[in-house]
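A.B. asks: My questions all concern the structure below.
Any read-out appearing in this document is the output of simple, stated calculations on the displayed coordinates, not a laboratory observation. Keep in mind the model is a prediction, meaning the values are calculated, not measured. Glycine also receives a Cβ, built like all others from the backbone with ideal geometry; neighbour counts cover every protein chain displayed.
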Amino acid sequence: MSHNTFGKNLRFTSFGESHGSTIGCVLDGFPPGMKITTDEIKAQLIRRATGQSRHTSQRKEKDDVQIVSGVFEGVTTGHPITLLIENTDARSKDYANIAKQIRPGHADYSYWKKYGIRDYRGGGRSSARETTMRVAAGALARKWLKQHYDINIVAWLAQLGDIKLQSGDLNRVDDSPFFTGELERVPELDAYMDQLRKSGDSVGARIDAKAVNVPAGLGEPVYGKLDAELALAMMSINATKGVEIGAGFEAVSQNGSLHRDEIIDGQFASNHAGGILAGVSTGQDITLSVAFKPTSSLRIPGKSVDIDGNAIEVVTKGRHDPCVGIRATPIVEAMMALVIMDHIMRHKAQTQSNQL
Ligand code: EPS
């Protein structure tokens, strides 16, 4: 079975491949009455797009989004919202040399084993190109959350390879291609990435995120816990290898007397829980971290097999990201927005249903 949908009361479905004619999504269950323009969606898409700096893939997609349904005279109608984006700069010939080759560490291997079909053009459905639609739909969710609950969601680069970063000024994460609030560290990051690109290698990244003003009570014990669904949403992003909520794996070495977030004068004195207790939001900031692996399309030769089982050395040419985690920042935000909005709608559906 394929599974290209997530969310319950706000349901997101994406479709399309990196080198197909078009990618798109359907956002079903979105409430009526919210104004939305393609420019507002595009403003989010640009943040994620390739070719915005020398440190990302140089594929140049316009990402001009069309709203095909669910919006009339600039206002959401309550019907399925369909968004489409044409692929205009796919260069499938870059992949001709590896048409029969399996890149080590890539979906090439597992998709080949699962489907028995090798669409060698780009990553196909496994490509980060698919995340464009998550950010497009996330733009609507973010606007709705801000309008109705004053919820703000921000993510930032917390680690690039071995370089650890502080959150810095989170109002300025969009002022550099790295999504860091520590702008004074940008020259160091530039130099690191320039050296990495020259070497033909890639590196991982850690993205931290928080959602502010999320009301208490979101999350559906026991199989629809808010943290469980945030983790699922984050793990569904390409190249994710780990998700932590609040203190995450640090909780292993903490004592209970430290980890519990004491309540003093009616206020939480700390937030090791990441704003979620027993799968339900507490009203504190929701905090999480996501680990992205280094991308696997490398110029450095790697040992592998071809689809006939012969031992080979693979060299990948073309326009690839040396650190896909950098561009993942707006994707993390979008997925957080979609999950939180879905949970608000689910919470209202259950707890306010006796008021109809
Ligand atoms: C990607 C490989 C590159 C990136 C692409 C993600 O694309 P291709 O080699 O197929 O042209 O440019 O990212 C995007 C196009 C995007 O919009 O994010 C990959 O293998 O995941």
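A.B. asks: Going residue by residue through region 132-140, is there one that turns out to be within 20 Å of K241 (Cβ to Cβ), buried (at least 18 other Cβ atoms within 10 Å of the Cβ), within 21 Å of the chain's Cα centre (by Cα) and of a type in the set (S, T, Y)?
C.D. replies: No: region 132-140 contains no residue that is within 20 Å of K241 (Cβ to Cβ), buried (at least 18 other Cβ atoms within 10 Å of the Cβ), within 21 Å of the chain's Cα centre (by Cα) and of a type in the set (S, T, Y).
A.B. asks: Determine the pairs where a residue that is farther than 14 Å from Q44 by Cα and of a type outside the set (A, V, I, L, M), located within region 55-70, has a partner that is more than 16 Å from the ligand (Cβ to nearest atom) and in a loop (DSSP other than H, G, I, E, B) with Cβ atoms under 8 Å apart, the partner being 6 or more residues away or on another chain.
C.D. replies: Note: pairs meeting the criteria are H55/F178; S69/H79; S69/P80; G70/F30; G70/T77; G70/G78; G70/H79; G70/P80.
A.B. asks: Being in contact (Cβ under 8 Å) with a residue 60 or more places away in the chain, in contact with a Gly (Cβ under 8 Å, 6 or more places away or on another chain), surrounded by fewer than 22 Cβ atoms within 10 Å (Cβ to Cβ) and over 27 Å from K143 (Cα atoms) is true for just one of R319, R299. Which residue is that?
C.D. replies: R299
A.B. asks: Then there is this: Residue under question is V26, and the condition is that it be under 21 Å from the mean Cα position of the chain (by Cα), among the β-branched types (V, I, T) and closer than 30 Å to L218 by Cα; does it hold?
C.D. replies: yes
A.B. asks: Now a separate question. Looking only at residues that are in contact (Cβ under 8 Å) with a residue 60 or more places away in the chain and not in a helix (DSSP H, G or I) in region 162-199, which one is surrounded by the fewest Cβ atoms within 10 Å (Cβ to Cβ)?
C.D. replies: Top of the filtered list is P177.
A.B. asks: Does any residue of region 281-293 turn out to be of a type in the set (D, E, K, R), within 16 Å of the ligand (Cβ to nearest atom), surrounded by 16 or more Cβ atoms within 10 Å (Cβ to Cβ) and under 28 Å from the mean Cα position of the chain (by Cα)?
C.D. replies: Yes, region 281-293 contains a residue that is of a type in the set (D, E, K, R), within 16 Å of the ligand (Cβ to nearest atom), surrounded by 16 or more Cβ atoms within 10 Å (Cβ to Cβ) and under 28 Å from the mean Cα position of the chain (by Cα).
A.B. asks: Another question, if that's okay. Which condition does V222 not pass, out of (1) part of a strand (DSSP E or B); (2) loosely packed, with under 13 Cβ neighbours inside 10 Å, if it passes all the others?
C.D. replies: Condition (1) is where V222 drops out.
A.B. asks: Can you pull out the residues in region 92-124 that are within 13 Å of the ligand (Cβ to nearest atom), within 21 Å of I23 (Cβ to Cβ) and loosely packed, with under 13 Cβ neighbours inside 10 Å?
C.D. replies: Across region 92-124, the qualifying residue is only K93.
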